[in-house]
1. Take the residues in region 80-97 that are exposed (fewer than 15 other Cβ atoms within 10 Å of the Cβ) and out of contact with any helix residue (DSSP H, G or I) (no Cβ under 6 Å at 6 or more places or on another chain), then tell me which one is nearest to residue 422 (Cα to Cα).
2. If residue 393 meets every condition in (1) modelled with pLDDT under 95; (2) over 18 Å from the mean Cα position of the chain (by Cα) apart from one, which number is that one?
3. Check every one of the strands (runs of 3 or more DSSP E) wholly within region 344-424 and list those with 1 or more residues that are more than 30 Å from residue 46 (Cβ to Cβ).
4. List every residue pair whose Cβ atoms lie under 6 Å apart, where the two residues are 6 or more positions apart in sequence or sit on different chains, the first residue falls within region 313-333 and is over 15 Å from residue 256 (Cα atoms), and the second residue, located anywhere, is at pLDDT below 95.
5. Could you list, in sequence order, the residues of region 296-312 that are assigned to a loop (DSSP other than H, G, I, E, B) and either touching a helix residue (DSSP H, G or I) at 6+ places or on another chain (Cβ under 6 Å) or free of Cβ contacts under 8 Å to residues at least 12 places away in the same chain (or both)?
6. Which residue is modelled with the lowest pLDDT, if the candidates are limited to region 160-180 and must be farther than 19 Å from residue 425 by Cβ and surrounded by 14 or more Cβ atoms within 10 Å (Cβ to Cβ)?
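The values are calculated or read from the model by the stated rules, or taken from the named source; none is laboratory data. Quantities reported herein were computed from a predicted structural model and do not represent experimental measurements. Cβ: placed from backbone, ideal geometry, glycine included. Neighbour counts: every protein chain shown.
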């Protein structure tokens, strides 16, 4: 019995092979786009019940805040010009950090979402090097702020400041426990006087105790109100901030340096076409963006990613990088007013003499290290980095490190500051760390493997098409041989004359 007729077999062979191979080619070409746009991206958009929303509303990745404080070991020698101020780093004091989005409100078309961010910290003694009862000595920030405020005041007002900070009410240094300096806070007589006076000379201070993180733990409002794009209409805008506290600019810096842009640091848009653009984080603690530049390829838990770093231009004010001159706080004709590497954050922090930089003056001009000892800048420890899986925008690893310094100098007309050296005194530095967990890495692997799944299906169908073609050829040959054998075996009839 023939497996198929010659003509039918030809049509079957050609039709089947063509159909399967075309199907394989179609899947191979279209599946990567289809899988990303119609399977992956819908889960990345910030909407109720999507994977990204569930991971965003309460941070699923363990985050840690490492805080190091500087102890001024020879503070009693401040007025001795032959003694260089020396600082010893203490810590880290490690806190588990959790972010919770509250008061979430969607726009009518769901393209933006408004929210507040509550940050919660819990001390982790087993990861810390020291106790919250350790004592630290450093500059009294309220006295430093009074000196800084005096620079534009009349002689009469300077006389009032001299009276305010004289005696026990305004010691130049304070010695407090780590807990008091950070979250618990401590009573300060000078702070109470300033708050009670309601004098417009001084900024309106919103807290009643002094502490660098006082009133922040569990606060829903401290970081402000954010408006963020959800990616519903355009996936490349996912996680990008549109407003902060109801405004698109901070109005604190010149030109576009006041613009609200970038992400909050936790939700990122996917990066298409393997591009490596600069990325930006908006940091409410300093009321500005931090731009990061592409650095290298990384791999973590089987996921390949891109690493971005903050370079020396971030805290420049036009000293080395003219495009950063809009961050200069002085009058335009007096800019730049600081050597590179130190940012004046006073306009963000109640006009206190707070200056922000990378830890231990990493990437800062060497001039800052001339008037103090105890600094040891290290790239591996003090670099500000973000690593992302580009296809999903999932953060693989974040290490965000910043330092707070207070400016002291001989302010004209202020007796307590008359003979002090000019110095950016390091107070503390902190590093926020987060790494992707294995569970989330496995979720990300499924997403990143979607395009290759289509490729494997295409390869399988292509192989099936080849198998069908081979089978058809074999069937054709077998059928042809059977026909030949039958023709040769037939005898011709004998005709009698």
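1. Narrowing region 80-97 to residues exposed (fewer than 15 other Cβ atoms within 10 Å of the Cβ): 80-83, 88, 96.
Restricting the remaining residues to those that are out of contact with any helix residue (DSSP H, G or I) (no Cβ under 6 Å at 6 or more places or on another chain) gives 80-82, 88, 96.
Numbers: 80: 13, 81: 11, 82: 14, 88: 19, 96: 36 Å.
Only one residue fits best here, namely 81.
2. All conditions pass for residue 393, except number (2).
3. Values: elements: 354-357, 385-389, 394-408.
So the answer is 354-357, 394-408.
4. Listed by first residue and then by second, the contacts come to 319/336; 330/337.
5. Filtering region 296-312 for residues assigned to a loop (DSSP other than H, G, I, E, B) gives 301-302, 310-312.
301 - this is the single residue of region 296-312 that is assigned to a loop (DSSP other than H, G, I, E, B) and either touching a helix residue (DSSP H, G or I) at 6+ places or on another chain (Cβ under 6 Å) or free of Cβ contacts under 8 Å to residues at least 12 places away in the same chain (or both).
6. From region 160-180, those farther than 19 Å from residue 425 by Cβ are 160-164, 166-169, 177, 179; that's our starting set.
So of that shortlist, the ones also surrounded by 14 or more Cβ atoms within 10 Å (Cβ to Cβ) come out as 160-162, 164, 169, 177, 179.
Values: 160: 88, 161: 90, 162: 93, 164: 88, 169: 81, 177: 99, 179: 98.
My answer is 169.
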